[in-house]
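Read the structure below first, then the notes.
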Amino acid sequence: MMKQTKWLVSLSTCLVWMAVSAAGAKGKLPLPALPSRTYSIGQEVDSILSPSSLQAFFAGLDSLRAGKDTVLTIVHLGDSHIQAGYYSGKVMRLLQEQFGNAGRGWIAPFKLSRTNEPDDYFISSAVREWVAGRCIQANKKCPVGIGGIGIQSVSPSINLDVRIAPNNGAGYSFNRAILYRGEKSMPMLPTGPLKDSVQTSLATVPAVAGVLADTFRISYPVDTLQLHSTRRKQGTDKLLPASTFKNVYYGFNLTNGNPGILYHSVGVNGAMYVNYTDETYVRQLALLKPSLLIVSLGTNETFGRRFRTEEFGGQVRAFVSLVKKYMPETAIMLTTPPECYKRTYVNKKRTYVRNANTQLAAKAIVKAAHEEGVACWDLFAATGGKGSCVKWHKEKLMGRDRIHFTKEGYREQGTLLVRALLRSYQWTKNEKAGETEELEKAEERL
């Protein structure tokens, strides 16, 4: 009975793929559906400005819909709105539901650096004395990596345990992990009950200056990877002194070997455009080889006492120019910040007022995107525009500080982003279909 069931499952799978392939050959694959909104605040703005700059990315979506064995990589870069993982996590889940799940992607040791971590994974260690570097630090306490952070320890013995959260991380088992570490750090080797199932490839040359990328391949999907440092010189039995190492670790890239969307979420609390506008950092970010880079920044700049739109616009353009230099094949999409409050005092009493600078920042980002010829999605407008923070707070979708949002609020914003992206994709597909139809009619007339 079991063999018969497996045979029927295999047959039905083959029939589905044959149908998909046949439909793809005729150009009649159904367009992906737009995810449903939970709330209706203001007038939704789905359109993405300059969608033509996303053609290469949309072609990648075509390949996935046609059943091709490919991985389409997206990097979502931002600040605390992204570090929490609810906004970008919703986008990741929705896109993977439609186009396939290629893995959890980038994860960083946030808790070891004493800050909040997304709730779908854990990176833990027996070592407690870590020095944390962040891209927002004027004088960085230690080097930072792809995730905008780095952790450093002087301990002669270090372990790192990676674990996918059983509930929130469902579906993100992995069979390959890449560890990014400092060039002078102790390498890691697998340990624990799964160590004999892990094939380790330790890097001998830097992926970029100062960064080594070690690969761990597991013979079957797992939810846990345990690693422990070694001072043994590669290829020998010689132990090197602990003092010869500078142990800096940046994070992991987790994949499962399946075709689909690989979504890297990279966010740092307090981050601004200027914090990422660094040649060394952007060259590291390029290691992820994204087809699409989504940039969600601008909120923190609006709290500056001397916020100037022209200066801010110049900062946006400077970052985009650097990305174009080191990631010329990557499509770029900027997003504007949602409206929020700012705290002030009236008659020595604390109160909250609308942060008018978010509207100015949104306009500056839209303008910079147009000037640079990159795509832009106006989240400020999509969430209701001027005065929308009052409505989001009334619906209890904003946090107590009235700057950040609740889990539900962030997930609603993620839904809005996916709707906008898929609507632009549908529009380009329909436009192409119309062009093809006109061409066919013209050929018939000939």
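The values are calculated or read from the model by the stated rules, or taken from the named source; none is laboratory data. Source: prediction; values computed, not measured. Please note: Cβ atoms are built from the backbone with ideal geometry, for glycine as well, and neighbour counts cover all protein chains shown. Only protein heavy atoms, including side chains, enter the accessible area calculation; ligands, DNA and RNA are left aside. Shrake-Rupley method; radii C 1.70, N 1.55, O 1.52, S 1.80 Å.
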Practice prompt. Would you list the helices (runs of 4 or more DSSP H) that sit entirely within the range 50-122 and hold 2 or more residues that are of a type in the set (Lys, Arg)?
Written response: 86-99
Discussion item. Open to solvent by 60 Å² or more (accessible area, probe 1.4 Å), at pLDDT 95 or above and out of contact with any Phe, Trp or Tyr (no Cβ under 6 Å at 6 or more places or on another chain): is that true of Val75 in this structure?
Written reply: no
Worksheet item: Considering the range 195-225 alone, what residues qualify as being farther than 29 Å from Ser88 by Cβ and either out of contact with any strand residue (DSSP E or B) (no Cβ under 7 Å at 6 or more places or on another chain) or at pLDDT below 95 (or both)?
Response: Lys195, Asp196, Thr204, Val205, Ser219
Item to complete: From the list Thr330, Thr309, Thr302, Thr335, pick out the single residue that is polar (S, T, N, Q) and closer than 23 Å to Tyr250 by Cβ.
Response: Thr330
Practice prompt. Filter the range 177-194 for residues that are assigned to a strand (DSSP E or B), open to solvent by 10 Å² or more (accessible area, probe 1.4 Å) and out of contact with any Ser or Thr (no Cβ under 9 Å at 6 or more places or on another chain) and give the result.
Written response: Tyr180
Discussion item. Please go through (1) modelled with pLDDT under 95; (2) open to solvent by less than 60 Å² (accessible area, probe 1.4 Å); (3) hydrophobic (A, V, I, L, M, F, W, C) for Trp427 and return the number of the only condition it doesn't satisfy.
Written reply: (2)
Response to the item:
Screening Thr236, Thr244, Thr230 for residues that are over 27 Å from the mean Cα position of the chain (by Cα) and at pLDDT below 85 leaves only Thr236
Worksheet item: Of the numbered conditions (1) touching a residue at least 12 places away in the same chain (Cβ under 8 Å); (2) open to solvent by 40 Å² or more (accessible area, probe 1.4 Å); (3) more than 14 Å from the chain's Cα centre (by Cα), Leu287 satisfies every one except a single condition; which is it?
Response: (3)
Worksheet item: Which of the residues belonging to the range 218-233 are over 29 Å from Cys142 (Cα atoms) and part of a strand (DSSP E or B)?
Response: Ile218, Ser219, Tyr220, Pro221, Val222
Worksheet item: Name the pairs: first residue in the range 201-218 and over 13 Å from Pro187 (Cβ atoms), second residue part of a strand (DSSP E or B) and open to solvent by 50 Å² or more (accessible area, probe 1.4 Å), Cβ to Cβ under 8 Å, at least 6 apart or on different chains?
Response: Arg217/Arg176; Arg217/Gln199; Ile218/Arg176; Ile218/Gln199
Practice prompt. Give the residue, chosen from Ser113, Ser197, that is open to solvent by 10 Å² or more (accessible area, probe 1.4 Å), more than 18 Å from the chain's Cα centre (by Cα), over 18 Å from Thr230 (Cα atoms) and not hydrophobic (A, V, I, L, M, F, W, C).
Written response: Ser197
Worksheet entry | Inter-residue pairs, beta-carbon under 6 Å, first touching a residue at least 60 places away in the same chain (Cβ under 8 Å) and closer than 12 Å to Ala420 by Cα and in the range 366-384, second hydroxyl-bearing (Ser, Thr, Tyr) and open to solvent by less than 10 Å² (accessible area, probe 1.4 Å), 6+ apart | Trp377/Thr335; Asp378/Thr336; Leu379/Thr335; Leu379/Thr336
Worksheet item: Looking at Phe319, is it of a type in the set (Phe, Trp, Tyr) and open to solvent by less than 30 Å² (accessible area, probe 1.4 Å)?
Response: yes
